[in-house]
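To start, the structure itself, in structure tokens.
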Amino acid sequence: MQRAEVDEQVIPVMQEELKVGKRMVQRGGVRIYQRLVETPVQESVSLREEHVNVERRPVDRPIDPAQVGAFQETSFELRENAEEAVVQKTARVVEEVVVGKEVTQRTDQISDTVRSTQVDVEQLGSSTDNDEYYRSHWTSNYGNQGGSFDEYAPAYRYGASMRGSDAYRGRSWDEAETTLRSNWESHYPTSAWDKLKAAVKHGWERMTS
């Protein structure tokens, strides 16, 4: 325990504040590929063709006198026509893929802890008188359980100082016990609360009375 050797000492009371901000992060997205796909197709079409037939038939009849110039060289043509398939392709738009972004707003609940310090003020009388009183109580109640008074002395003082602090003003032991235990275990991690709880409570009740 530190004792102040000056007339005035300033003890800062500190407290953390929680500030929640925002930042932009990438969550994912899509990548669009446009590929060329060739698909075989078949269509049936009916085609018309012409074929020239040459037929020789035996005939025996006199030449018609009207056929003047029958014995002259001549020639003529008879051509064949045929239909053939003509392929023509036309392109049409059959579907559209629309890619865009939709913005939504959501609210996240951020849970965290902030720390603060508390300054507890213990009104001291004669430390000798307090030690004698607590030593007497220890001897009557715990002396035969082994250990020493030095192990229990901080528990007596802790209970008395907490009862006199503003943080526990107007609170009963049952209301304050959970917080008292948490603070005790953070300051005295090697001292078992269950073993020293009764001594803490006695110091608390002495200040109450």
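Quick check: the angle from helix 149-163's long axis to the longest principal axis of the chain, C-alpha only, nearest 10 degrees? Orientation of helix 149-163: about 70 degrees from the principal axis.
Under a model in which nothing but the beta-carbon of Lys, Arg (+1) and Asp, Glu (-1) is charged, the chain shows a dipole of about 560 debye around its Cα centre.
Just subtract the alpha-carbon distance of VAL103 and LYS195 from 0.36 nm times their residue separation and send over the number in nm, one decimal.
Answer, rounded to one decimal: 27.2 nm.
As a length-normalised measure over Cα pairs under 8 Å and 6 or more apart, the relative contact order of the chain settles at 22 percent.
Shown in residue order for segment 133-147 are the 3J(HN,Hα) couplings computed by the Karplus curve 6.51 cos²θ - 1.76 cosθ + 1.60 at θ = phi - 60°: 5, 5, 5, 5, 5, 5, 4, 6, 10, 10, x, 8, 9, x, x Hz (x for Gly and Pro).
Note on segment 127-208: the C-alpha convex hull projects to 5.3 nm² when averaged across all orientations. When Cα extents along the principal axes in Å is computed from the coordinates, the matching label among (i) 172, 43, 29; (ii) 54, 30, 29; (iii) 51, 42, 29 is (i). With the simple spin-label model, which puts each label point 7 Å out from Cα in the Cβ direction, the TYR188 to PHE149 separation comes to 1.6 nm. The slack between GLU80 and ARG48, meaning 0.36 nm per residue of separation minus the straight C-alpha distance, is 10.4 nm.
Read the figures in this text as sums done on the coordinates, not as results from a lab. A quick note: this is a predicted structure, and the numbers were derived from the prediction, not measured. Don't worry about glycine lacking a Cβ; one is built from the backbone with ideal geometry, like all the others, and counts go over all protein chains shown.
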